[in-house]
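What follows is a single structure, written as structure tokens, with notes after it.
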Amino acid sequence: MLKISGYSKFPQDFMRDTDYEMDHQLDTSSLDLEPHYHEFYEIQYFISGNMNYIVGDKVYHLQTDDLLIIPPNVMHNPIFSDFRVPYERYVTWVTRPALQALLSIDPELETSFEKINSERYLLRKPPMLMSGFRAMYVSLEYTRSQQYPLFLAQLKALTLQLLVEYTQALANDSAAVQGGVRDTPLAHVLHYIQDHITEDLSLDTVSRRFLIDRFNLSHMFKNNMGVSYYQYVLQQRLLLGKSLLTEGAPANRVCFQCGFHDYSSFFRAFKKKYGLSPAQYQKQAAGD
């Protein structure tokens, strides 16, 4: 079903009870969507729109029939030029266990897909080769709207085919699989933040580093990212902290490894963001 201006700010809601969720979304005005990340994979099949997509610290200039695969725990958000052309896309969310189950069908597929860590998230082939996927999505929509049986099987089959196309291109080191670029001042600042996350990232320090007026830097984040500069830095630090806790690092060390000056500040920010203390989250992540 086509969802007009219905993008959920928190797609995690879709993944509580199912391993797969798919939406056809079309937006004709600005979205209230901050930089965010998921605990699952997001596969976006782009149809139209005058916009770029920030994934991590790189910019993807999307074209019709592009396929963008965003792994778990990678910050991302769209940046719009205008809405003279609607932002239209098919989006599939797949949990990590479900995607791993698909990959395990073929050991070669599983091995090749691991190269997604190379941060080449975009599959771009000639339109005649990619447009067939749009027809498959349309067929999926019809199956769901008519309440025909085997919708989930059809969605799994399409997702598997997309993964095969992507991993084949990866394995062949094809130019069809592309990374993002750092061709804007914003992208360079995002990269600097990620590379210096434990250091002084005050607005004054970073504005001097890039010879940008602090007001202009603040304005750049608010206009393009939908959050303040300080909110973005905090999100990145908490994301790193969550990752380190998942790996089993002691919470009293993690706070310094992700840029906090003391444990109490880390504790308050972490609990406000995730609803759990660092120790509670670590225990839950360990399955205790």
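Could you look through region 135-157, keep only residues that are in contact (Cβ under 8 Å) with a residue 40 or more places away in the chain and within 27 Å of the chain's Cα centre (by Cα), and pick out the one that is surrounded by the most Cβ atoms within 10 Å (Cβ to Cβ)? Give the steps one after another, and end with the answer.
To start, the set of residues in region 135-157 that are in contact (Cβ under 8 Å) with a residue 40 or more places away in the chain comprises 137, 140-141, 144-145, 152, 155-156.
If we keep only those that are within 27 Å of the chain's Cα centre (by Cα) too, we end up with 137, 140-141, 144, 152, 155-156.
Details: Y137: 18, L140: 19, E141: 17, R144: 16, L152: 14, L155: 21, K156: 17.
Applying the filter and picking the extreme gives L155.
Filter region 14-32 down to residues that are acidic (D, E) and part of a loop (DSSP other than H, G, I, E, B) and give me whichever is nearest to Y137 (Cα to Cα).
As a first pass, look at region 14-32 and keep what is acidic (D, E): 17, 19, 21, 23, 27, 32.
Still in the running and part of a loop (DSSP other than H, G, I, E, B): 17, 19, 32.
Numbers: D17: 22, D19: 18, D32: 26 Å.
Step by step, filter region 14-32, then rank; the result is D19.
Residues that are among the hydroxyl-bearing types (S, T, Y): list the helices (runs of 4 or more DSSP H) wholly contained in region 191-261 that include at least 2 such residues. Give the derivation first.
Numbers: elements: 203-209, 214-225, 229-246, 251-257.
Ranges flagged: 203-209, 229-246.
Taking A169, is it closer than 20 Å to Q44 by Cβ, small (G, A, S), assigned by TED's automatic domain parsing to the domain that holds I54 and surrounded by 18 or more Cβ atoms within 10 Å (Cβ to Cβ)?
Numbers: closer than 20 Å to Q44 by Cβ: yes; small (G, A, S): yes; assigned by TED's automatic domain parsing to the domain that holds I54: yes; surrounded by 18 or more Cβ atoms within 10 Å (Cβ to Cβ): yes.
Criteria met by A169.
Condition first: touching an Asp or Glu at 6+ places or on another chain (Cβ under 7 Å), within 27 Å of L31 (Cβ to Cβ), surrounded by 18 or more Cβ atoms within 10 Å (Cβ to Cβ) and not acidic (D, E). Can you find one or more residues in region 226-242 that meet it? First the steps, then the outcome.
If we filter region 226-242 for residues that are touching an Asp or Glu at 6+ places or on another chain (Cβ under 7 Å), which is where we start, we get 226-227.
Narrowing the set further to residues that are within 27 Å of L31 (Cβ to Cβ) leaves 226-227.
Going one step further and asking which of them are surrounded by 18 or more Cβ atoms within 10 Å (Cβ to Cβ), we end up with 226.
Cutting the leftovers down to not acidic (D, E) gives us 226.
Yes, region 226-242 contains a residue that is touching an Asp or Glu at 6+ places or on another chain (Cβ under 7 Å), within 27 Å of L31 (Cβ to Cβ), surrounded by 18 or more Cβ atoms within 10 Å (Cβ to Cβ) and not acidic (D, E).
Taking T246 as meeting all but one of (1) under 30 Å from F80 (Cα atoms); (2) within 21 Å of the chain's Cα centre (by Cα); (3) surrounded by fewer than 19 Cβ atoms within 10 Å (Cβ to Cβ), write down the number of the exception.
Among (1) under 30 Å from F80 (Cα atoms); (2) within 21 Å of the chain's Cα centre (by Cα); (3) surrounded by fewer than 19 Cβ atoms within 10 Å (Cβ to Cβ), the lone unmet condition for T246 is (1).
The values are calculated or read from the model by the stated rules, or taken from the named source; none is laboratory data. Because the structure is a prediction, the values reported are computed rather than measured. Virtual Cβ from ideal backbone geometry, glycine too; neighbours counted across all protein chains shown.
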